[in-house]
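**Student:** Before I ask anything, let me first share the structure, which is written out below as structure tokens.
The values are calculated or read from the model by the stated rules, or taken from the named source; none is laboratory data. What you are looking at is a predicted structure, and each value in this text was computed from that prediction instead of being measured. So basically every Cβ, Gly included, is an ideal-geometry build from the backbone, and we count neighbours across all protein chains shown. When the accessible area is computed, the model is the full protein with side chains, heavy atoms only, and any ligands, DNA or RNA have been set aside. Shrake-Rupley method; radii C 1.70, N 1.55, O 1.52, S 1.80 Å.
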Amino acid sequence: MIIALALTEVKNMSNLQQSTVHNKLLSALDPVDFSRLAPHLEALELPRLYELSSSGKIANYCYFLDRGIASVVAQVSGGRKAEIGIFGSEGMFPTSLIMHDPTAPYSTFMQVAGHGYRIQSIHVSHAMEQSFNLRSLLLRFAQAMSVQTAFTALSNATDNIEQRLARWLLMCHDRSNGEAIGLTHAFISEVLAVRRQSVTTALHVLEGQHLISAERNQIKILDRQGLESFASGTYGPAEAEYRRLVGPF
């Protein structure tokens, strides 16, 4: 179930200082470009399942996360759906706005609660028209996201469920500041589009190799390097592309 956000949780940030922002895109902006956006940014808490965009609907707001993880989900008629990407403090959404398309093609919601900033889409569009550097940075991020989606497709087509799960956990770990990740088996099965029992079995395989520990809906990475090796090469290229195009991941 997707939930809405109470208006009382939104705060205008007209005096927002760039040094206090943890979102990597906002932090990487030239101070002049940041000043174009800052008066319009609103700080807000982002509870789990809060919807950032809805497929086929006009995206009135653009979101920059400071903390938390969002899922980008593709869905077709009949209810079939799967996660095609994730982002956290390294990014923003919807990327369609960067290409001047006001309609979000995918549904996006918070899979791990956090906080961040929203800004009316029109202000982002105006700022991009005024600044080549801002437009270039956001386009480079959109390219990095497209590479992530491509390797998600490759993983879905060629990896087994254990390898897919390993890659996905690494991506979540990147965006969790090294902390244990709060995820249920049911949720993982939904975003990976596999049966819940398959998730349970795959988690046991990774636990059996001492790569992770999973208990009480909490997953902890025990052997990061080992998990990367287990993920078969589909983890890493998108992250390297982000570092090349945007900056430290």
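**Student:** Yes or no: segment 187-207 includes at least one residue that is over 20 Å from A157 (Cβ atoms), touching a residue at least 60 places away in the same chain (Cβ under 8 Å) and in a helix (DSSP H, G or I).
**Tutor:** Yes.
**Student:** Within segment 157-180, is there a residue that is out of contact with any helix residue (DSSP H, G or I) (no Cβ under 7 Å at 6 or more places or on another chain), part of a helix (DSSP H, G or I) and within 23 Å of G78 (Cα to Cα)?
**Tutor:** yes
**Student:** For segment 192-208, does any single residue satisfy the condition of being among the polar types (S, T, N, Q) and under 19 Å from the mean Cα position of the chain (by Cα)?
**Tutor:** Start the filter on segment 192-208 by keeping residues that are among the polar types (S, T, N, Q), which leaves 197-198, 200-201.
Remaining after also requiring under 19 Å from the mean Cα position of the chain (by Cα): none.
Scanning segment 192-208 turns up no residue that is among the polar types (S, T, N, Q) and under 19 Å from the mean Cα position of the chain (by Cα).
**Student:** Restricting to segment 96-109, count the residues that are open to solvent by 10 Å² or more (accessible area, probe 1.4 Å) and in a loop (DSSP other than H, G, I, E, B).
**Tutor:** Total satisfying the criteria: 5.
**Student:** For segment 12-39, how many residues meet the condition of being open to solvent by 40 Å² or more (accessible area, probe 1.4 Å) and more than 14 Å from M128 (Cα to Cα)? Even if it seems obvious, please write down each step before you answer.
**Tutor:** Going residue by residue through segment 12-39, those that are open to solvent by 40 Å² or more (accessible area, probe 1.4 Å) are 12-15, 17-20, 22, 24, 27-28, 30-32, 35-36, 39.
Add one more test, that the residue is more than 14 Å from M128 (Cα to Cα), and what stays is 12-15, 17-20, 22, 24, 27-28, 31, 39.
Within segment 12-39, residues that are open to solvent by 40 Å² or more (accessible area, probe 1.4 Å) and more than 14 Å from M128 (Cα to Cα) number 14.
**Student:** From L97, L165, L170, which residue is hydrophobic (A, V, I, L, M, F, W, C), under 24 Å from Q225 (Cβ atoms), in contact with a Leu (Cβ under 9 Å, 6 or more places away or on another chain) and free of Cβ contacts under 8 Å to residues at least 60 places away in the same chain? Even if it seems obvious, please write down each step before you answer.
**Tutor:** Details: L97 fails: under 24 Å from Q225 (Cβ atoms); L170 fails: free of Cβ contacts under 8 Å to residues at least 60 places away in the same chain.
Being hydrophobic (A, V, I, L, M, F, W, C), under 24 Å from Q225 (Cβ atoms), in contact with a Leu (Cβ under 9 Å, 6 or more places away or on another chain) and free of Cβ contacts under 8 Å to residues at least 60 places away in the same chain holds for just one of L97, L165, L170, which is L165.
**Student:** Confirm whether R80 is open to solvent by 30 Å² or more (accessible area, probe 1.4 Å) and over 25 Å from A153 (Cβ atoms). Full working, then the answer.
**Tutor:** On the way: open to solvent by 30 Å² or more (accessible area, probe 1.4 Å): yes; over 25 Å from A153 (Cβ atoms): no.
It is false that R80 is open to solvent by 30 Å² or more (accessible area, probe 1.4 Å) and over 25 Å from A153 (Cβ atoms).
**Student:** Of a type outside the set (D, E, K, R) and touching a Phe, Trp or Tyr at 6+ places or on another chain (Cβ under 8 Å) - does that describe any residue in segment 207-228?
**Tutor:** Yes; the residues of segment 207-228 include at least one that is of a type outside the set (D, E, K, R) and touching a Phe, Trp or Tyr at 6+ places or on another chain (Cβ under 8 Å).
**Student:** What residue, of V124, V73, V112, is open to solvent by less than 10 Å² (accessible area, probe 1.4 Å) and in contact (Cβ under 8 Å) with a residue 40 or more places away in the chain?
**Tutor:** The conditions single out V124.
**Student:** Would you mind stating whether G85 is farther than 21 Å from A43 by Cα and outside any helix (DSSP H, G or I)?
**Tutor:** On the way: farther than 21 Å from A43 by Cα: yes; outside any helix (DSSP H, G or I): yes.
Yes.
**Student:** Run R167 past the list (1) under 16 Å from the mean Cα position of the chain (by Cα); (2) modelled with pLDDT under 95 and report the number of the one that doesn't hold.
**Tutor:** (2)
**Student:** Here's a follow-up. Taking segment 133-147 on its own, how many of its residues are within 11 Å of P237 (Cα to Cα) and open to solvent by less than 10 Å² (accessible area, probe 1.4 Å)?
**Tutor:** Qualifying residue count for the region: 1.
**Student:** Could you list all residues from segment 215-249 that are open to solvent by less than 50 Å² (accessible area, probe 1.4 Å), in a loop (DSSP other than H, G, I, E, B) and aliphatic (A, V, I, L, M)?
**Tutor:** Matches in segment 215-249: A231, V246.
**Student:** Another question, then. Take H210 and decide whether it is free of Cβ contacts under 8 Å to residues at least 24 places away in the same chain, farther than 19 Å from G85 by Cβ and part of a helix (DSSP H, G or I).
**Tutor:** Details: free of Cβ contacts under 8 Å to residues at least 24 places away in the same chain: yes; farther than 19 Å from G85 by Cβ: yes; part of a helix (DSSP H, G or I): no.
Taking the combined requirement at face value, the residue does not satisfy it.
**Student:** (1) over 25 Å from V194 (Cβ atoms); (2) surrounded by fewer than 18 Cβ atoms within 10 Å (Cβ to Cβ); (3) touching a residue at least 12 places away in the same chain (Cβ under 8 Å): which one isn't true of L46, the others all being true?
**Tutor:** So L46 meets the others, but not (2).
**Student:** Also, I was wondering about something else. Within the group A202, A144, A127, A180, which residue is of a type outside the set (S, T, N, Q) and under 22 Å from Y242 (Cα atoms)?
**Tutor:** A144
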